[in-house]
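Notes for the one structure printed next.
Every read-out reported here was derived from the displayed coordinates using simple, explicitly stated rules and does not represent laboratory data. As the structure is a computational prediction, the values presented were derived from the model and not from experiment. Glycine also receives a Cβ, built like all others from the backbone with ideal geometry; neighbour counts cover every protein chain displayed.
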Amino acid sequence: MARSGSRVKKTTLTLVKVFGVLLILVVAFVCFRYYRRQAINNELIRQEQLAREQAAAKELKIKTDFIKKIGPIAQKADQGFALLPSITIAQACLESNYGQSELSQKYNNLFGVKSNDPNTSKILSTKEYVNGKWITVKASFQIYDSYESSIQAHARLFQNGTTWNKDQYQHVLAAKDYKTQAKALVTDGYATDPDYASKLINLIEQFNLNKYDN
């Protein structure tokens with residue numbers, strides 16, 4: 001009986017040891033899976049963050065490259081026209097999406113200038129703010145041979161006014177700083193977007209565009 005009891009104890013002890021080993025292995029496996037998932041998730045988060053940072057850096061470069069390209073053009077074109085280059089640059093950035101719009105890329109039209117001449121215009125879709133909401137409409141836009149031509153025509157528009165009112169932009173031309181000039185664009189009916197002035201001011205301050213006014 002003593003030997004039988006001893007064998008039972010040994011068997012039980014062996015089973016306990018095996019169970020203990022199995023338990024340790026299971027816990028180790030679960031921990032391994034958990035930390036592996038954590039490592040994979042952390043790596044995915046890191047890659048997503050890196051991708052966002054790279055996309056943001058690329059977008060910023062596109063914006064700054066565009067500003068560097070048109071900045072000197074605006075300075076030269078706006079000389080003697082009382083229009084601040086910072087306003088011109090900000091308008092071009094906003095209205096052409098930093099030169100990425102179809103209208104600016106294909107037709108050098110930076111400001112969404114429209115035209116009724118079928119020989120020098122192209123019909124495209126555009127968004128306009130009408131009766132308190134944005135709508136998509138078809139319109140005929142002017143074609144230019146270069147950014148320079150677009151910016152020069154933009155300066156002449158403010159100087160000469162519209163065909164129906166030569167003093168259309170008198171408040172814009174009378175303004176002496178970019179904030180007042182941006183607000184005057186809305187006052188004088190240049191833009192239908194009620195937030196147009198604040199968007200221009202934000203762009204000017206974000207990219208320090210008023211340095212081109214000196």
Residues being surrounded by fewer than 19 Cβ atoms within 10 Å (Cβ to Cβ), of a type in the set (Gly, Ala, Ser) and either under 14 Å from ASN208 (Cα atoms) or touching a helix residue (DSSP H, G or I) at 6+ places or on another chain (Cβ under 7 Å) (or both) - total across the stretch 72-96: 1
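Report, by residue number, each residue of the stretch 171-193 that is assigned to a helix (DSSP H, G or I) and either β-branched (Val, Ile, Thr) or surrounded by 20 or more Cβ atoms within 10 Å (Cβ to Cβ) (or both). Can you show your working first?
Within the stretch 171-193, the subset assigned to a helix (DSSP H, G or I) is 171-174, 178-187.
Scanning the stretch 171-193 gives VAL172, TYR178, THR180, GLN181, ALA182, LEU185, VAL186, THR187.
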Only one of ASN97, ASN116, ASN109 that is farther than 21 Å from LYS199 by Cα and of a type outside the set (A, V, I, L, M, F, W, C): ASN116
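Just to check your reading of the model, which residue among LEU83, LEU103 is touching a Phe, Trp or Tyr at 6+ places or on another chain (Cβ under 8 Å) and over 23 Å from GLU59 (Cβ atoms)?
LEU83
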Residue list for the stretch 158-170, restricted to those being aromatic (Phe, Trp, Tyr) and buried (at least 16 other Cβ atoms within 10 Å of the Cβ): PHE158, TYR169
Condition check for PHE141: touching a residue at least 12 places away in the same chain (Cβ under 8 Å) and touching a strand residue (DSSP E or B) at 6+ places or on another chain (Cβ under 6 Å): yes
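From the residues in the stretch 194-214 that are closer than 22 Å to SER96 by Cβ, of a type outside the set (Phe, Trp, Tyr) and not in a helix (DSSP H, G or I), which one is farthest from the chain's Cα centre (by Cα)?
Across the stretch 194-214, the extreme among qualifying residues is PRO194.
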